[in-house]
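The values are calculated or read from the model by the stated rules, or taken from the named source; none is laboratory data. Just so it is clear, the model here is predicted, and its values are computed rather than measured. Here the Cβ positions follow ideal geometry from the backbone for every residue, glycine too, while neighbour counts run over all protein chains shown.
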Amino acid sequence: MRCDVPCPVRACWVAGMRTRRNRSAVAGECGPKRMLYRPDGVAIEYQEKPMTKMNAAENSGDRILTLDQLEVGCCGTIENVAARNGCGQFLAEMGLTNGARVTVSGTAPLGDPIEVSVRGYRLSLRRSEASTIRVLPSPAQGLAT
Amino acid sequence: MAAPPRRIALIGNPNSGKTTLFNRLTGQRRKVANYAGVTVDRSEGTLRGRNGVRLFDLPGCYSLTPRSLDQRIARDTLLGWNRDEVRPDALVVIIDASNLERNLFLATQLLELGLPTVVVCNMADVLRKRGDRLDTAELSARLGAPVVATVASSGEGIDELCSVLDALPSAAVCHSSPLGVPEELNDALADIRELVMEQGLANASNATLAAKLLLSPSVLVKDDASHVELSDDDAERLRAIHRRHHIDADNSPLTVLAERRYAWIGQWLDGAFTRAEVHVPGASERIDGLLTHRVWGVAAFAGVMFLMLTAIFSWATPLMDGIDWLINQKLAGIVATVIGQGILSDLLVDGVIAGVGNVVVFFPQICILFLFISLLEDSGYMARVAYVMDGLMSRVGLHGKSFIPMLSSFACAVPAIMATRTIEDRRDRLTTILVAPLMSCSARLPVYIIIISAVFGANPWLKVGIMMAMYLLGTVTALLVALVLKRTILKGPTPTFILELPPYRLPRLGPSIQSMWSRSRVFLTEAGTIILAMSVVLWALAYFPRASAADIEAGSGVQLRQSYMGRIGRVIEPVIEPLGFDWKIGVGLASSFAAREVFIATMGVVYGVGDEVDEKSATLREEVASAKWPDGRKVFTPLVGVSLMVFYVLACQCMSTIAVVRKETGNWGWPVFMFTYMTVLAYVASLVVYQGGRLLGLA
Ligand SMILES: Nc1nc2c(ncn2[C@@H]2O[C@H](COP(=O)(O)OP(=O)(O)OP(=O)(O)O)[C@@H](O)[C@H]2O)c(=O)[nH]1
Ligand SMILES: [Mg+2]
């Protein structure tokens with residue numbers, strides 16, 4: 001099982017929480033439709049869509065970062081995990097679920113992998129997996145934007 | 001007729017203390033260490049004082065969707081998916097109390113198995129020290145299963161656990177399972193549940209859980225560790241259900257279920273568990289900062305290796321000399337005087353004592369090596385090495401976890417090859433298996449020591465430096481070979497790396513010495529069996545046929561030259577002469593294919609039998625140092641020494657390794673391949689060293 005290197009695709013909730021204003025843009029995109037389940041169990045259709053400049057801008061506007069962008073010592077709350085190929089399931093089982101707080105506690109000498117602390121224990125994972133995890137940085141930690 | 005014994009399985013997250021508890025409960029001494037993935041196979045034992053209870057220690061897992069072979073063993077045992085075996089009758093679920101949330105995740109799945117269950121909150125000492133509080137009675141009420149707090153390493157709470165085990169009901173139970181599934185999954189679950197029941201993969205009590213597990217698309221992937229054996233029809237049926245409900249590799253419903261489980265755990269713990277108000281950064285964090293630091297981390301690793309090798313060379317020397325004196329002087333002397341002259345005394349003195357005795361001399365060194373490795377394993381450093389090395393290993397095409405078996409290979413390749421079961425991908429696992437024997441194991445240590453001390457004189461820095469170079473050579477070669485394998489025959493994507501980093505613990509001396517002893521005992525056993533046998537064979541080859549007295553008068557070394565061994569040696573000689581070796585070394589090399597230490601035994605026998613004048617004062621080291629070619633040149637020049645050591649670094653001279661590779665890979669192809677590539681590599685490298693050295697004028 002492996003996760004792909006981060007691909008320029010991101011999940012957009014068609015009906016759902018975050019990017020409602022994008023709906024029209026999404027509807028026009030091609031790509032397979034999938035079912036996702038929100039934590040409350042409601043099924044949501046979602047569609048893959050290439051990352052565009054606009055999305056990126058919108059990201060920083062919401063201050064949503066991916067876990068690998070978080071600096072050492074910073075913490076945040078997981079917004080969603082878009083890992084693919086079974087990796088997502090494992091990350092969820094290890095406690096990296098929506099709403100969980102993660103702190104980046106260090107990086108390995110070569111810069112990769114990173115060490116995070118989640119649910120009271122330490123986990124190391126590569127930046128490529130970390131980049132599938134979107135987090136809302138905690139303002140208390142004073143993240144430089 | 002007595003009732004069949006109750007079968008109780010110990011299961012929990014990796015590194016939660018299952019084996020420590022198992023050892024407490026059964027009195028066995030299975031391997032315990034502070035990193036995830038120590039136990040990779042099932043072990044069985046009888047509960048102390050209760051003959052009717054069989055306990056199983058299982059490999060740790062994070063969930064019932066296994067990601068590697070060892071975890072698959074655990075899942076299949078728990079669900080009764082092993083052929084010819086029924087499910088266990090009851091469960092002891094071990095939870096690391098210092099890491100409750102994640103450990104309870106597996107517990108939520110295990111409780112759904114419908115078996116009588118005891119939940120053990122182990123590491124209660126860590127919890128206390130942090131100042132956190134866990135209300136076990138409250139937790140027990142919420143889980144619907146008895147909860148016992150224990151400290152497996154000190155034995156606290158074990159008695160209570162035993163009495164709870166006695167009182168455990170024998171019938172299947174239904175634990176309250178508030179875990180609802182999302183509505184959309186209900187249909188899929190019902191369909192799969194039907195299939196599971198029809199195929200006997202589960203009974204009524206655990207069918208829902210089994211069905212949930214089969215919601216994961218990976219169970220249909222043949223190469224995946226979570227693969228479930230199904231007939232073609234059933235697999236197709238399951239695939240159709242998945243398709244109907246839009247379940248595919250990128251979208252496993254178990255992810256949603258995992259989130260629900262964590263939400264549920266949050267509710268369980270709310271009120272039952274209170275975290276200490278202030279969290280002071282513990283020693284673990286500070287040590288971690290140092291040991292994973294860009295500069296200090298590498299320096300620390302090199303420092304540890306240097307310290308270990310210095311210890312092996314200097315600290316062990318007095319002990320080693322003592323044993324040497326005791327065996328080779330005293331014992332040999334006593335045997336010779338008691339038995340008197342004759343063939344029996346020759347066999348005992350020149351065969352058994354010279355062979356086995358000279359190997360046993362290295363016992364203190366082996367112990368020091370094993371003690372260091374045990375201390376490293378128990379401190380929590382192993383996982384950090386994997387973490388630090390991952391950057392390098394990913395360039396090779398593996399991940400950091402592969403480095404843990406490679407590091408344990410410094411002790412012995414056999415358990416290291418078993419330990420590769422924790423590596424998820426089949427190709428990565430094979431690659432690791434094939435390169436692990438290149439790491440210098442304890443059997444090479446005596447060979448290095450004897451050569452280095454015979455050839456490189458008294459300078460301790462030089463000796464340790466050369467030794468380190470040999471370890472480095474093995475490691476670098478292993479990485480290069482892995483790189484080549486991953487680019488060619490075992491091509492595959494670079495795997496993901498997600499590894500738990502355990503907290504540092506001060507290694508406890510008692511268990512470390514125990515683990516050192518259980519490993520070094522193997523060394524003594526080997527000396528008493530294979531090396532003894534080889535020594536006798538080698539002695540006989542060197543002793544017969546006897547040269548006539550007149551011949552012996554005529555010149556030294558005649559007996560040896562005209563013996564069977566000498567004749568064999570002359571056949572080998574042309575092959576090894578380009579490497580700079582004489583025929584005696586050649587015989588040593590050839591006999592080392594039984595086990596590397598036999599090289600020492602061969603040298604002992606060769607120089608024992610070869611001594612016409614019975615001056616028993618010289619140690620083997622001195623004899624090796626003064627060995628001469630017929631024309632009077634020294635045999636062991638520094639160049640020959642290096643060439644010989646390089647051969648030992650790279651050659652695959654270990655029957656047990658070949659046997660275990662056969663067992664773990666399931667066919668003879670891989671062990672044959674491994675043997676061939678390593679031996680060819682050894683020969684070529686040794687040739688390059690010797691001939692290159694000669695060209696440079698080093699001979
Ligand atoms: N402080 C403390 N340490 C413990 C306790 N129980 C076990 N340990 C330590 O925890 C580490 C892991 O113990 P193991 O028994 O090897 O754990 P395991 O669950 O068998 O691990 P795997 O076989 O890898 O799944 C070792 O270093 C033990 O010494 C305990 O109650 N308190
Ligand atoms: Mg274990």
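Numbers for the structure displayed
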read-out	value
Flag for residue B:155 being on the phi > 0 side of the Ramachandran plot, away from ligand 1 (no atom under 14 Å from the Cβ), away from chain A (no Cβ under 14 Å) and at pLDDT 85 or above	no
Complete set of residues in the range B:36-56 that are at pLDDT 90 or above, polar (S, T, N, Q) and away from ligand 1 (no atom under 13 Å from the Cβ)	B:46
Among (1) within 14 Å of another protein chain (Cβ to nearest Cβ); (2) within 16 Å of ligand 2 (Cβ to nearest atom); (3) closer than 24 Å to residue B:112 by Cα, the one test that residue B:98 misses	(2)
Residue count for the range B:374-384, restricted to those that are away from ligand 2 (no atom under 16 Å from the Cβ) and in contact with a helix residue (DSSP H, G or I) (Cβ under 6 Å, 6 or more places away or on another chain)	2
Residue B:210 being free of Cβ contacts under 8 Å to residues at least 60 places away in the same chain and not aromatic (Phe, Trp, Tyr)	no
Matching residues, the range B:52-66, being within 16 Å of ligand 2 (Cβ to nearest atom), in contact with a Ser or Thr (Cβ under 8 Å, 6 or more places away or on another chain) and in a loop (DSSP other than H, G, I, E, B)	B:58, B:59, B:60, B:66
Residues of the range B:7-34 satisfying the condition of being over 24 Å from residue A:94 (Cβ atoms) and either near ligand 2 (Cβ under 8 Å from one of its atoms) or over 21 Å from the mean Cα position of the chain (by Cα) (or both)	B:7, B:8, B:22, B:24, B:25, B:26, B:27, B:30, B:31
Single condition residue A:130 does not satisfy, out of (1) more than 16 Å from residue B:494 (Cβ to Cβ); (2) more than 7 Å from chain B (Cβ to nearest Cβ)	(1)
Set B:472, B:462, B:434: member being in a helix (DSSP H, G or I), on the phi < 0 side of the Ramachandran plot and in contact (Cβ under 8 Å) with a residue 12 or more places away in the chain	B:434
Complete set of residues in the range A:96-132 that are at pLDDT 90 or above, in a loop (DSSP other than H, G, I, E, B) and hydrophobic (A, V, I, L, M, F, W, C)	A:96, A:100
Members of the range B:241-259 found to be at the interface with chain A (Cβ under 7 Å from one of its Cβ atoms) and part of a helix (DSSP H, G or I), listed by number	B:253, B:254, B:255, B:256, B:258, B:259
So residue B:118, is it surrounded by fewer than 22 Cβ atoms within 10 Å (Cβ to Cβ), at pLDDT below 90, away from chain A (no Cβ under 14 Å) and under 23 Å from residue B:165 (Cα atoms)	no
Residue match in the range B:2-16 (condition: free of Cβ contacts under 8 Å to residues at least 12 places away in the same chain, assigned to a loop (DSSP other than H, G, I, E, B) and among the hydrophobic types (A, V, I, L, M, F, W, C))	no
All positions within the range A:75-126 that are among the hydroxyl-bearing types (Ser, Thr, Tyr) and either at the interface with another protein chain (Cβ under 7 Å from one of its Cβ atoms) or in contact with a helix residue (DSSP H, G or I) (Cβ under 8 Å, 6 or more places away or on another chain) (or both)	A:97, A:105, A:121, A:124
Residue check for residue B:114: of a type in the set (Gly, Ala, Ser), in contact (Cβ under 8 Å) with a residue 40 or more places away in the chain, within 13 Å of ligand 2 (Cβ to nearest atom) and in contact with a Leu (Cβ under 9 Å, 6 or more places away or on another chain)	no
Where residue B:46 falls short, out of the listed (1) among the polar types (S, T, N, Q); (2) within 14 Å of ligand 2 (Cβ to nearest atom); (3) surrounded by fewer than 22 Cβ atoms within 10 Å (Cβ to Cβ)	(2)
Qualifying positions in the range B:183-200 - under 17 Å from residue B:245 (Cα atoms), away from chain A (no Cβ under 14 Å) and among the hydrophobic types (A, V, I, L, M, F, W, C)	B:190, B:192, B:195
The one condition in (1) closer than 24 Å to residue B:208 by Cβ; (2) surrounded by fewer than 21 Cβ atoms within 10 Å (Cβ to Cβ) that residue B:111 fails to fulfil	(2)
Qualifying residues in the range B:201-240 (those that are within 14 Å of chain A (Cβ to nearest Cβ) and assigned to a helix (DSSP H, G or I)) - the one surrounded by the most Cβ atoms within 10 Å (Cβ to Cβ)	B:213
Residue within the range B:196-212 that is under 24 Å from residue B:423 (Cα atoms) and either modelled with pLDDT under 85 or polar (S, T, N, Q) (or both) present	no
Check on residue B:301, closer than 28 Å to residue B:446 by Cβ, touching a helix residue (DSSP H, G or I) at 6+ places or on another chain (Cβ under 8 Å) and within 14 Å of chain A (Cβ to nearest Cβ)	yes
Test: residue in the range B:388-399 that is closer than 17 Å to residue B:674 by Cβ and either out of contact with any strand residue (DSSP E or B) (no Cβ under 7 Å at 6 or more places or on another chain) or not in a helix (DSSP H, G or I) (or both)	yes
Every residue from the range B:12-35 that is surrounded by fewer than 24 Cβ atoms within 10 Å (Cβ to Cβ) and more than 6 Å from ligand 1 (Cβ to nearest atom)	B:23, B:24, B:26, B:27, B:28, B:29, B:30, B:31
Neighbours by Cβ (under 9 Å, 6+ apart or cross-chain): first from the range B:45-63, small (Gly, Ala, Ser); second assigned to a strand (DSSP E or B) and surrounded by fewer than 22 Cβ atoms within 10 Å (Cβ to Cβ)	B:45/B:54; B:45/B:56; B:52/B:6; B:52/B:46
Condition check for residue B:84: away from chain A (no Cβ under 14 Å), in a helix (DSSP H, G or I), more than 16 Å from ligand 2 (Cβ to nearest atom) and not aliphatic (A, V, I, L, M)	no
Some residue of the range B:22-29 being touching a residue at least 40 places away in the same chain (Cβ under 8 Å) and either touching a strand residue (DSSP E or B) at 6+ places or on another chain (Cβ under 7 Å) or at positive phi (or both)	yes
